[in-house]
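Just below is one structure, and these are the notes that go with it.
The values are calculated or read from the model by the stated rules, or taken from the named source; none is laboratory data. Keep in mind the model is a prediction, meaning the values are calculated, not measured. Here the Cβ positions follow ideal geometry from the backbone for every residue, glycine too, while neighbour counts run over all protein chains shown. Note: areas computed on protein heavy atoms with side chains; ligands, DNA, RNA excluded. Shrake-Rupley method; radii C 1.70, N 1.55, O 1.52, S 1.80 Å.
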4 protein chains.
Amino acid sequence: MSINKHKNWKEKLHEIIYEADTPAGKIFDIVLLLLIVASIILVMLESVTSFAEKHYDFLNISEWVITILFSIEYIARIIVVNQPKKYIFSFYGIVDFLSTIPKYLSFFILNSHSLVALRALRLMRVFRILKLARFVGESNNLMKALRASRAKIAVFVFFVLIICVILGAVMYIVESGQDSGFTSIPRSVYWAIVTLTTVGYGDIAPATALGQFISSIIMIIGYGVIAIPTGIVSVEYSKNYSDKENLEEKPIQKIRLNTQICSNCHHRTHDDDANFCKICGNNLH
Amino acid sequence: MSINKHKNWKEKLHEIIYEADTPAGKIFDIVLLLLIVASIILVMLESVTSFAEKHYDFLNISEWVITILFSIEYIARIIVVNQPKKYIFSFYGIVDFLSTIPKYLSFFILNSHSLVALRALRLMRVFRILKLARFVGESNNLMKALRASRAKIAVFVFFVLIICVILGAVMYIVESGQDSGFTSIPRSVYWAIVTLTTVGYGDIAPATALGQFISSIIMIIGYGVIAIPTGIVSVEYSKNYSDKENLEEKPIQKIRLNTQICSNCHHRTHDDDANFCKICGNNLH
Amino acid sequence: MSINKHKNWKEKLHEIIYEADTPAGKIFDIVLLLLIVASIILVMLESVTSFAEKHYDFLNISEWVITILFSIEYIARIIVVNQPKKYIFSFYGIVDFLSTIPKYLSFFILNSHSLVALRALRLMRVFRILKLARFVGESNNLMKALRASRAKIAVFVFFVLIICVILGAVMYIVESGQDSGFTSIPRSVYWAIVTLTTVGYGDIAPATALGQFISSIIMIIGYGVIAIPTGIVSVEYSKNYSDKENLEEKPIQKIRLNTQICSNCHHRTHDDDANFCKICGNNLH
Amino acid sequence: MSINKHKNWKEKLHEIIYEADTPAGKIFDIVLLLLIVASIILVMLESVTSFAEKHYDFLNISEWVITILFSIEYIARIIVVNQPKKYIFSFYGIVDFLSTIPKYLSFFILNSHSLVALRALRLMRVFRILKLARFVGESNNLMKALRASRAKIAVFVFFVLIICVILGAVMYIVESGQDSGFTSIPRSVYWAIVTLTTVGYGDIAPATALGQFISSIIMIIGYGVIAIPTGIVSVEYSKNYSDKENLEEKPIQKIRLNTQICSNCHHRTHDDDANFCKICGNNLH
């Protein structure tokens, strides 16, 4: 009976942590959501030097509170689950683990003066944001559309890269000797990507007439080419969309208006102009 | 009878103010439109220091004229309406009220030297532009498409924000120590948003080779991802569009122009070129 | 007979100038095309100060040659046409006239030192490019799609303008006192338009944390909103496209695979599974 | 027999070089792919002055190794092919030749001090990237969509160029006398293209109020217009897409899964749930 009780306690916790259809489960989810957002804001504020110097204690204590709460959550998840190993090595398991340890690690490394390692640790805490993935739901159409058009987008990216390498090399030759930032081919390729994607920082911009002429051609031609990913995703998405519609409503391919049911074999899907049942030959009228 | 006359006067004014199918109503709408536009231009000109100093009197008097006219309009709307309370606390009622009061308030606050409060008041007058919403009509397809894709766009925005936070943190590490503007994670996240949306101010731009390499990946991959909202709105809009078409015309799946009804079996859906009833064999002519 | 001959000469010239199906007509069109392009390049080169000073004579003589050729073309068009008045006051007539006169006018104004007038005259010659409209053909789908979505795009532009005015005013308050370029509301509205359209020059960019935060919201939300014109044009264009397809090929709604022809009444469009002719009742097999 | 053996050797090599369905053929393709990528990276690194000075020997030797391997590949391709002339003057033949010679040529030109010629030669090696075209496959939908919408995109580009020339000329007049970069019409046209394509470097940006006003109009109106190529490509691509679907699967209008053939009348297109032949009444089971 004690085992049974223990089981019940475990099951209840499982319901709270992994499901969201009980009041307690909903509260758990909301608290977790707020914790994640708070921890991200903390990491961000820590990086603002003026703020970090002023409020060092506040940041340090808050970080410890969040770390401890995440630790409790992580341990609870392991205890509650039937196959702990499967959870620990799942995507969410790894994210949860990495979200918890940075502060503990910083405790050990604090003595050493390896600032870069500390930076990287602080960075890792930003990935806590991936815990939010739980709240998005994986079955949404956007992801499906992206996944379905993966191969096509890869071909497109490959195509754009080839164009950018060639254009970068050409612009490197054309703008060499100018003080316009085309100091090497890699930098020129970077410029070509910035231009083709219409981002256009302006940190590197052609200074010669010929360079500006070539850039103009790139932009205009490129604008036509760059419309392709939109086309791919639109088509893929609209296809997905209508597929779903079909499953929910009915296949488009054959819409029968005839709602007659054969009085003999109770078959329903007769052609609109059928007089006799296709299945048993019974007169439909 | 006097009450009846009074009623008529109220009804006429209601027609002028709230409807646009009488000549007087049309004139009222056009005058109001011009007044709103004029008041917006006034606020804008007031903010141009060189202009404001030169033409202080002109701006002050014009603003008083517009404020008084808006006051008359606001009072008239309250008098004319059957349920004044409902109007006063409606969206348009609040906008009309806020459009009217700033100048009156500035009259009182002028003595004090609270310039910030004055600024905020001047700002409020800009929201008069919301009065124009009345002229747009709420039932247009654009709004419907946006409203229908609200949830999807929210998921997308959420998704973009997660990417931007992670990228911002990565770039903060990579570009730290450089004079390229990545001074904190929030600023880096701002940069990531500017880059992913292809705005690309260039006030913050990567200076290291690694930073430029990461940026290039962001831009190219991001370009594919960012095509999604266009896809969503296009599909939603085209769905809206064809829904409307269907209601107006007829189901696409089978369009029969033949409206003949069989005199024998009263069957309706004959092919356009049918001479004999498909169901009972009766001559249709 | 002399009149007849004169008529023939006129008719032949008409064919050469206005049609392109004779060899002479084609040559005329190509020469005109080259002349227009040459005249545009001349105006452009004239504006490059270093070039204009070096090659003043070349530019002056070339411009006179082109002006005289355009004059001959203009006079020829008037003589040849049946209703000269109708041509003169048509779109092309006005463009042709304005393309011809600038150099003549500059002859008169040269004495006076009104440089601004001269500039405007030089500018006018650029509009010769509109003569190229003749070669595009007016019945293309692009124009139809744009014309069909005119009203929707107007509503959209109106909507964007309202957003930009409000955002401009908000940013003017937020960034006031900073050296970031938001010196007046009109300038801030200009910035908002530059940002919402994802152009992003960077000549004006937010410097405060709050300003960058608001900008980020504008960009992300704005990106979703700005996808609308693409949606509108895509739908309108694809509608246009399928309309044309339908007319050319056949209605999509009903595709009959049955190619049998009734031996009695020679009717063709039988249902795929018909055994008897729907029109005359003749057995199809 | 010796001839036969030689033939076999040739045939085997042909299979390795031109096909990818044998293990050896796959290895050849992967090695070639890596070689091309390596050679592109070499050219890029060579352009980074700091790197090139440090690692001159490494770059020189690597370049020679790659050049020799490409030479072997080129000669092998010529030997193996049945019609060497046809290969040599084909697109791939020319690309392969140009990919091989630069280093040899630099050997001869090294003595002379013609640095520009050397630069151009280095550039040529970048075009080795075109060898990757072999791996993309020519029959992908993207290319088809682009090819199908070629004419429409040309009209669009022509249209954009006309707008840009006019806008450039107008902005040149408006911004003349300012230090904002509109020093000549060609530069202003360059600016108009940068703006209309939403790249927006910011190296040239309007400084006057009127200039900013005109720019705002350009951006907003332009945004609507510039949506067109996306529309064109989307429609063309989605058309391509559904065409392919149709060919692969069957006409959408009627998809029958029933592949039974009536043993009596050999009729094929029975409904999925048919028990009796619709044509002759024969039992299908």
Residue count, region D:30-51 (criterion: over 26 Å from the mean Cα position of the chain (by Cα) and exposed (fewer than 14 other Cβ atoms within 10 Å of the Cβ)): 2
Can you name the condition, by its number, that residue D:27 falls short on among (1) under 30 Å from residue A:167 (Cβ atoms); (2) open to solvent by 50 Å² or more (accessible area, probe 1.4 Å); (3) free of Cβ contacts under 8 Å to residues at least 60 places away in the same chain? (1)
Picked from region D:177-186 (must be open to solvent by 20 Å² or more (accessible area, probe 1.4 Å) and more than 7 Å from every other protein chain (Cβ to nearest Cβ)), the residue farthest from residue B:194 (Cα to Cα) is D:177
Could you check region B:73-142 for helices (runs of 4 or more DSSP H) lying wholly inside it with 3 or more residues that are modelled with pLDDT of 70 or more, surrounded by 18 or more Cβ atoms within 10 Å (Cβ to Cβ) and among the aliphatic types (A, V, I, L, M)? none
Identify, from the list A:200, A:168, the residue that is at the interface with chain D (Cβ under 7 Å from one of its Cβ atoms), open to solvent by less than 10 Å² (accessible area, probe 1.4 Å) and not aromatic (Phe, Trp, Tyr). A:200
